[in-house]
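K.L.:
Let me give you the structure first, and then I'll get to my questions.
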Amino acid sequence: MQEGELKANERVVLDTNIFISAAFWKGNPHIILEKAIDHQFDLFVSQEIIAEIKEALTLDFSLRETEIDIYIESVINFAQLVEPTERLQVLKSGDDRILECAVESKADFIVTGDNHLLKLREFRKIRILSPKEFLMLQH
């Protein structure tokens, strides 16, 4: 295996925008979520991330509560839920909850489409990648 390649036991946190994109479009975020469902890596979420997914689906996409509940339940079925114990204040954008989940789960990667996070490139040895960069690790 080449350096930089994704291993099956890698620990990954997906930003909320990846979950939202995966729900509606068939691009890279959707492929990443399918790989998580297939247990090609270990996916971690926190209650804060789940709450943000619910909020985005409600406010931005006007989905019914039952539709949102089905999606959230499916995420919880294949992701591992962690409760961050460390509160961070690294980003002004409010994306600290993603970093907190990654730190708590001892993640190897954060996958995001958010420029505030992508500019960091790495946080406490956790690599921060775009969906395309993350999928390139598998080749």
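K.L.:
Take residues that are closer than 23 Å to ALA51 by Cα and not basic (Lys, Arg) and tell me which of the helices (runs of 4 or more DSSP H) falling wholly in the range 74-139 contain 2 or more.
P.N.:
The qualifying helices (runs of 4 or more DSSP H) are 96-104, 115-118.
K.L.:
Do you know which residues across the range 62-75 are at pLDDT below 90 and surrounded by 13 or more Cβ atoms within 10 Å (Cβ to Cβ)?
P.N.:
The answer is LEU63, and nothing else.
K.L.:
Within the range 23-47, which residues are under 12 Å from the mean Cα position of the chain (by Cα), in a helix (DSSP H, G or I) and in contact (Cβ under 8 Å) with a residue 12 or more places away in the chain?
P.N.:
Passing the criteria: PRO29, ILE32, LEU33, ALA36.
K.L.:
Identify, please: which residue in the range 76-103 is under 17 Å from the mean Cα position of the chain (by Cα) and more than 22 Å from LYS119 (Cβ to Cβ) and is, among those, surrounded by the fewest Cβ atoms within 10 Å (Cβ to Cβ)?
P.N.:
Within the range 76-103, the match that is surrounded by the fewest Cβ atoms within 10 Å (Cβ to Cβ) is ASN77.
K.L.:
Across the range 92-112, which residue is farthest from ASN9 (Cα to Cα) among those that are small (Gly, Ala, Ser) and modelled with pLDDT of 95 or more?
P.N.:
Once the filter is applied, the top-ranked residue is ALA102.
K.L.:
Tally up the residues in the range 52-63 that are of a type in the set (A, V, I, L, M) and either within 18 Å of SER105 (Cα to Cα) or part of a loop (DSSP other than H, G, I, E, B) (or both), please.
P.N.:
Number of matching residues: 1.
K.L.:
For the range 48-61, state whether one or more residues are within 12 Å of VAL13 (Cα to Cα), surrounded by 17 or more Cβ atoms within 10 Å (Cβ to Cβ) and not aliphatic (A, V, I, L, M).
P.N.:
No, there is no match, as no residue in the range 48-61 is within 12 Å of VAL13 (Cα to Cα), surrounded by 17 or more Cβ atoms within 10 Å (Cβ to Cβ) and not aliphatic (A, V, I, L, M).
K.L.:
Continuing with this model, one more query. Return the pair list, or none, for Cβ contacts closer than 6 Å from residues in the range 114-139 that are farther than 14 Å from LEU91 by Cα and loosely packed, with under 14 Cβ neighbours inside 10 Å to residues that are modelled with pLDDT under 95 and not hydroxyl-bearing (Ser, Thr, Tyr), at least 6 apart or on different chains.
P.N.:
Listed pairs, sorted by first residue: GLN138/LEU6.
K.L.:
Checking VAL12 against (1) closer than 20 Å to LYS132 by Cβ; (2) surrounded by fewer than 20 Cβ atoms within 10 Å (Cβ to Cβ), which single condition isn't satisfied?
P.N.:
Of (1) closer than 20 Å to LYS132 by Cβ; (2) surrounded by fewer than 20 Cβ atoms within 10 Å (Cβ to Cβ), only one is false for VAL12: (2).
The values are calculated or read from the model by the stated rules, or taken from the named source; none is laboratory data. Because the structure is a prediction, the values reported are computed rather than measured. No Cβ is skipped: glycine too gets one built from the backbone with ideal geometry, and neighbour counts run over all protein chains shown.
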